[in-house]
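The structure appears below as structure tokens.
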Amino acid sequence: MTRPPGRPRDLGKGLAILDAGWMLFLEHGVEATSIAAIAAKAGVSKVTLYSHYPDKAALFEAAVLREMERIEQAQQVPHTGRDAPVEERLRQFGLGILRFLTSKPAVDFYSVVAGELRRHEALARAFHRLGPGRTRANLTGLLAIAVAQGELVPLDPAQAADELFGLWQGFTNYDLLLGIGTDAIRADLPRRVDQGVALFLRCYGKP
């Protein structure tokens, strides 16, 4: 005789566990966060938690995968028509990605979770592909189109993308990770992006 199926797992409780775990991981780090603390914050028993996730590593992986979905959505290339000036297309791209990268959730993710990702090589590679890798590919593609349309001088799109992103970001990533002047950095984004685009086009724009 086979056992009858048990009660289906409560999806609401599963989401509460995922939310609680992610919040505590960002606040205290993965190693310092206990299963008991996650269960208490989610308002469930440890038995219920284990019915959804066999261990803390599985919960961490599920939380990272969910964040990767959000990052992928943030990586959508702005729907600026190709007939818009290259300056405007680059400006929209820069503002979009930098506003995401300087947001508190993104800063917390990189500062707290990056160390843990290094211990999960496959997960780290998947995150890189959807995060930094997607940003680089999107910006490289935008520049390649601009070259093909005669808006930029002939260049290596991948190298130029790296240079432009450096103009936009500068040293701000260090300040953000240390929590220094974050409000001022976020308020200054439009000026930084405009200045970076202007310098980039002074070098690579069509005469």
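The values are calculated or read from the model by the stated rules, or taken from the named source; none is laboratory data. Values in this document were obtained by computation on a predicted structure and should not be read as measured data. A quick note on method: Cβ atoms are made from the backbone with ideal geometry, for glycine too, and the neighbour counts reach across all protein chains shown. For the accessible areas, the whole protein counts, side chains as well, though only heavy atoms, and no ligand, DNA or RNA atoms are used. Shrake-Rupley method; radii C 1.70, N 1.55, O 1.52, S 1.80 Å.
Summary of values
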quantity	calculated
Identity of the residue in the range 42-60, among the charged types (D, E, K, R) and surrounded by fewer than 17 Cβ atoms within 10 Å (Cβ to Cβ), that ends up farthest from Leu90 (Cα to Cα)	Lys46
Filter pass, Val64 being within 22 Å of the chain's Cα centre (by Cα) and not charged (D, E, K, R)	yes
Helices (runs of 4 or more DSSP H) within the range 104-183 that include 2 or more residues open to solvent by 40 Å² or more (accessible area, probe 1.4 Å)	104-108, 121-130, 132-148, 157-169, 172-178
Cβ-Cβ under 7 Å pairs, at least 6 apart or on other chains, the range 120-147 side more than 28 Å from Tyr204 (Cα to Cα), far side among the basic types (Lys, Arg)	Ala124/Arg118
Scope the range 92-145; condition farther than 18 Å from Leu189 by Cβ and of a type in the set (Val, Ile, Thr); matching residues	Val112, Val113, Thr140, Ile145
Filter result (out of contact with any helix residue (DSSP H, G or I) (no Cβ under 8 Å at 6 or more places or on another chain) and part of a loop (DSSP other than H, G, I, E, B)) within the range 35-54	Pro54
Scope the range 55-89; condition within 25 Å of Pro105 (Cβ to Cβ), of a type outside the set (Asp, Glu) and either modelled with pLDDT of 90 or more or in a loop (DSSP other than H, G, I, E, B) (or both); matching residues	Leu59, Gln75, Gln76, Val77, Pro78, His79
